[in-house]
Amino acid sequence: MVNLIIKEGASDLHLSSGRNPIIRIAGNLIPLVKNPILTPENIKGFLGIFLSPENKELLEKDKDVDFSYSMTNTRFRGNAFYRQGEISIALRLIPKAIRTLAELNLPPILESFTRKRQGFFLVVGPIGQGKTTTLATLINLINETRSEHILTIEDPIEYIFESKRSVIDQREVRLDTPDFHDALIAMFREDIDVCMVGEMRDIDTIGTAVTAAETGHLIFSTLHTNNAAQTINRIIDSFPSGQQEQIRIQLAGSLTGIFSQRLIPRVSGGLVPAYELLINNNAVSNLIRERRVHEIQTVIETGSEEGMVDINRSLAELVRSGEITVESAYMNSANPKTLERLI
């Protein structure tokens, strides 16, 4: 069944009893009506293939579980979960080859963040918008060009890295470490130069990651936020009021940049990214310290000479080049009036 994802050029596969298998191609869900409707026995059989005994126990205990599954030259990230007393499975294809920035249609300036010696860089956006793929590309750039000790902390491990100029150790939550925070704490004793944290899930993880970025480590991570300003506010607001001033000051000093991306249906087929890039400069640092985060969008819009990218300009360029429709651009713009002036 998992071969269907590869055969059909899909990104995801959904398996639920009482339904045909469903795949996602270029953002659209497509039922495979030529395949039989799945039964509870079918789903039980898939679970026997995909889940380790430990993950089966977690599924019963927590009613959902993340997992990874590998077959020849292919890897999948999955989640099994209960719905109305029955189990469903969602699988996402993780390509074996880690693509370049050019292959992903991402801006070359992102490479500059891989040359930093320390700092905190975030890739943000809704679920399913390519954040993990972008992070993998940035980590692989460091792997190919620098001699560093790189750590990844993931739940589950997605892309498998082959050590090149760097040494890469990958740790999976529950399998290799109890959680993200414990792995980050241990990092300080493991002679780590660069760390990729799969997801910032709690204040302990966020606080430790920011501290690590202050103390000579280069940290990459993700958040499910929509833009740079929202990301900064989310990080600060996740802390109790008595700690917010401290994290505000730490973030102002350690942040290197925030990259927000969306995958948009391409006119010619497939998906193409639109993006926003915030680069932390003196003006941005001051706005964070002075609680004027709402003004950061203006800095992005006027900072193109420094390499910053406003998502409306990114969308407008995709429309002008014929990559996406005007309708798709408006659907992905937080400020359609500004976009209208650019198209």
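No value in this document is a laboratory result; all are computed from the given coordinates. Because the structure is predicted, anything quoted here is derived from the model rather than measured. Here the Cβ is made from the backbone with ideal geometry for all residues, glycine too, and neighbour counts use every protein chain on show.
Of the beta bridges in the chain, as assigned by DSSP with both residues counted there, near 60 percent are antiparallel. The ranking of 181, 224 by Cβ neighbour count inside 10 Å, starting from the fewest, reads 224, 181. Here the Karplus curve 6.51 cos²θ - 1.76 cosθ + 1.60, taken at θ = phi - 60°, turns the phi angles of segment 102-116 into couplings of 4, 5, 8, 6, 9, x, x, 4, 4, 4, 4, 6, 7, 8, 5 Hz, with x standing for Gly and Pro. Taking the Cα centre of the chain as origin and assigning +1 to Lys and Arg Cβ atoms and -1 to Asp and Glu Cβ atoms, the resulting dipole is close to 800 debye. Once you have a ≥ b ≥ c as the square roots of the Cα gyration tensor eigenvalues for segment 175-303, tell me rounded if a/c is under 1.5, and otherwise prolate or oblate according to whether a/b is larger than b/c. Verdict is oblate for segment 175-303. The alpha carbon gyration tensor of segment 3-94 gives principal lengths a ≥ b ≥ c with a/c of 1.5 or higher and a/b no greater than b/c, which makes the shape oblate. Checked against a 21 Å cut-off, the cross-linked pairs 7/34; 96/116; 7/96; 96/131 give Cα-Cα distances beyond that limit for 96/116. Relative to the dominant Cα principal axis of the chain, helix 131-145 is inclined by about 70°. Using the Cβ of residue 220 as centre and a radius below 11 Å, the other residues enclosed give a net charge of +2, where K and R count +1 and D and E count -1. Between residue 148 and 166, 167, the built amide H atoms are under 5 Å apart, and every one of these is 5 or more places off in sequence or on another chain. The mean sequence separation of alpha-carbon pairs under 8 Å and at least six residues apart, normalised by the residue count of the chain, gives a relative contact order of 13 percent. In this structure the amide hydrogen of residue 308, modeled in the peptide plane, comes within under 5 Å of no amide hydrogen from residues 5 or more places off or on another chain.
Cα centroids of segment 245-305 and segment 44-115: 28 Å apart.
Going through [x] 1.03; [y] 1.11; [z] 1.23, the figure that equals Cα Rg over 2.2 N^0.38 Å as computed for the structure here is [x]. Between amide H atoms placed 1.01 Å from N, distances below 5 Å from residue 324 occur with 267, 319, all of them 5 or more places distant or on a separate chain. Among 309, 123, 319, the largest mean-square fluctuation in a Gaussian network model of the chain, built with springs joining Cα atoms closer than 10 Å, belongs to 319. Karplus-based coupling profile of segment 17-22, in residue order and whole Hz: 5, x, 9, 5, x, 10, with θ = phi - 60° in 6.51 cos²θ - 1.76 cosθ + 1.60 and x standing for Gly or Pro. With each run of n ≥ 4 DSSP H residues scored as -39500 (n - 2.57), what mean residue ellipticity at 222 nm is computed for the chain after dividing by its residue count and rounding to the nearest 500 deg cm²/dmol? So the calculated ellipticity at 222 nm is -10500 deg cm²/dmol.
The 3J(HN,Hα) values that the Karplus relation (6.51, -1.76, 1.60; θ = phi - 60°) gives for segment 82-97 are, in residue order, 8, 9, 6, x, 10, 9, 10, 10, 10, 10, 10, 6, 10, x, 5, 7 Hz. Gly and Pro appear as x. Counting GluC sites (Glu not before Pro) as exposed when in a DSSP loop with at most 14 other beta carbons within 10 Å, what is the longest stretch of the chain free of them? Excluding the exposed sites themselves, the longest stretch runs over 1-102. Taking label points 7 Å from Cα along the Cα-to-Cβ direction, residue 117 and residue 25 give a separation of 5.1 nm. Sparsely packed loop sites in segment 157-209 (the chymotrypsin sites (Phe, Trp or Tyr not before Pro) outside DSSP H, G, I, E and B with at most 15 other Cβ atoms within 10 Å) comprise 188.
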